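The structure under discussion appears below in the form of structure tokens.
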Amino acid sequence: MKNDIMLLKEIAGSLKKVRKMRPIVDCLTNRVTIGDCANILLACGGSPIMAEDEREIEEIVDISSAVVLNMGILRQEVVSAMVKAGRAAKKQDKIVLLDPVGMGASALRNDTAGLLLKMVHPDVIRGNMSEIKALCGIKGVSRGVDAALEDEVTEETLREQAGWVKTLARQYSCTVCATGAVDVLSDGRRTYFLKNGNPMLCDVTGTGCMLSAMAGAFCAAAGSLTGMAAAVTVMNIAGEKAAAYCRENGAGIGTFRIKLLDYIYLMEDTDILEMGVAADGE
């Protein structure tokens, strides 16, 4: 697959749009990673707010450009707030992103994802391949919040796994992104394969949550498909840079986490155009 230079230029342009627009993103997100989600939004040029109380949620949505619904830690009051926030955002044509964390791991998570899909109709779904396949009704071996080994996206399984992403995108008329060693995203018509990243991204808790938060800003600024592709590429290039720094300096995952934020904050157009690996999947 040839590198799609036009897509990389659109991704570079998306970063500029985020920094100019500074979109406010309301993240109803995982308490384990809430601080990291806020910091990564600031690093890319967005503005985070973490409102999840139903008594203020509609007012917060009014001033936000996107809403991110993350199923990391579920409580009844949070699920109710997610529905209310998502519906309020959709009424105003604002981006709603669903991160179905742990989909397939429990009946509660399955039921919550089904409720949000039915009641909110998100613009973007971002998860690992096991979560995406579970949303398609495929039963597999759950590893909690991590993708099952048999769902790993490789060069050999790429086309098959992309089929599930396209199926879900068409079913719900939205953009779907499955992240992994190769990231696959589709709006049901166009499909992209993104190949940047480093295994150290899996060694720090919450990088998926952080990506979803950042994607809220990019999708608000550049649209669902291009914005999601941009968020993934920026995150993964920063991951490559952070991993290289750790190798060169004998550092571990604590340093990696901080350098990841640094390199997102310092990201330039040239980094994307020189390091980005993106291909049209059609």
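The values are calculated or read from the model by the stated rules, or taken from the named source; none is laboratory data. Everything numeric in this text was worked out from a predicted model, so none of it was measured. As a convention, Cβ positions derive from the backbone with ideal geometry for all residues, glycine included, and neighbour counts pool all protein chains shown. Protein only, heavy atoms only, side chains kept; ligands, DNA and RNA dropped before computing areas. Shrake-Rupley method; radii C 1.70, N 1.55, O 1.52, S 1.80 Å.
Taking the conditions exactly as written (part of a helix (DSSP H, G or I) and either open to solvent by less than 10 Å² (accessible area, probe 1.4 Å) or in contact with a Ser or Thr (Cβ under 7 Å, 6 or more places away or on another chain) (or both)), does Thr233 satisfy them or not?
Yes; evaluated as a whole, the condition is true for this residue.
Taking the criterion of being part of a helix (DSSP H, G or I), modelled with pLDDT of 95 or more, open to solvent by less than 30 Å² (accessible area, probe 1.4 Å) and more than 22 Å from Leu225 (Cβ to Cβ), would at least one residue in the stretch 84-98 satisfy it?
Of all residues in the stretch 84-98, those part of a helix (DSSP H, G or I) come to 84-91.
Narrowing further to those that are modelled with pLDDT of 95 or more: 84-91.
Cutting the leftovers down to open to solvent by less than 30 Å² (accessible area, probe 1.4 Å) gives us 85-86, 88-89.
Remaining after also requiring more than 22 Å from Leu225 (Cβ to Cβ): 85, 88.
Yes, because at least one residue in the stretch 84-98 is part of a helix (DSSP H, G or I), modelled with pLDDT of 95 or more, open to solvent by less than 30 Å² (accessible area, probe 1.4 Å) and more than 22 Å from Leu225 (Cβ to Cβ).
What tally of residues in the stretch 165-180 results from selecting those that are within 17 Å of Phe218 (Cα to Cα) and either in a loop (DSSP other than H, G, I, E, B) or open to solvent by less than 10 Å² (accessible area, probe 1.4 Å) (or both)?
Step one: list which residues in the stretch 165-180 are within 17 Å of Phe218 (Cα to Cα), which gives 174-179.
Narrowing further to those that are either in a loop (DSSP other than H, G, I, E, B) or open to solvent by less than 10 Å² (accessible area, probe 1.4 Å) (or both): 174-178.
So the count comes out to 5.
Could you grab the pairs with beta carbons closer than 7 Å, sequence gap of 6+ or different chains, first residue in the stretch 1-19 and under 18 Å from Gly281 (Cβ atoms), second one in a helix (DSSP H, G or I) and open to solvent by less than 10 Å² (accessible area, probe 1.4 Å)?
Taking only residues 6 or more apart or on different chains, the pairs are Leu7/Ala229; Leu8/Ile272; Ile11/Ala229; Ile11/Ala230; Ile11/Thr233; Ile11/Ile272.
Tally time: how many residues in the stretch 181-193 are surrounded by fewer than 19 Cβ atoms within 10 Å (Cβ to Cβ) and touching a residue at least 40 places away in the same chain (Cβ under 8 Å)?
Number satisfying all stated conditions: 1.
From Gly13, Gly45, grab the single residue that is at positive phi and of a type in the set (Gly, Ala, Ser).
Just a single option satisfies the conditions, and that option is Gly45.
Collect the residues in the stretch 194-224 that are open to solvent by less than 10 Å² (accessible area, probe 1.4 Å), in a helix (DSSP H, G or I) and among the aliphatic types (A, V, I, L, M), keeping them in residue-number order.
Met210, Ala213, Met214, Ala215, Ala217
Can you pull out every residue in the stretch 1-54 that is of a type in the set (S, T, N, Q), at pLDDT below 95, farther than 13 Å from Val68 by Cα and buried (at least 20 other Cβ atoms within 10 Å of the Cβ)?
Thr33
Cβ-Cβ under 7 Å, sequence separation 6+ or interchain: first residue in the stretch 112-124 and open to solvent by less than 70 Å² (accessible area, probe 1.4 Å), partner of a type in the set (Ser, Thr, Tyr) and in a helix (DSSP H, G or I). Which pairs?
Matching pairs, first to second residue: Leu117/Tyr172; Asp123/Ser224; Val124/Ser224.
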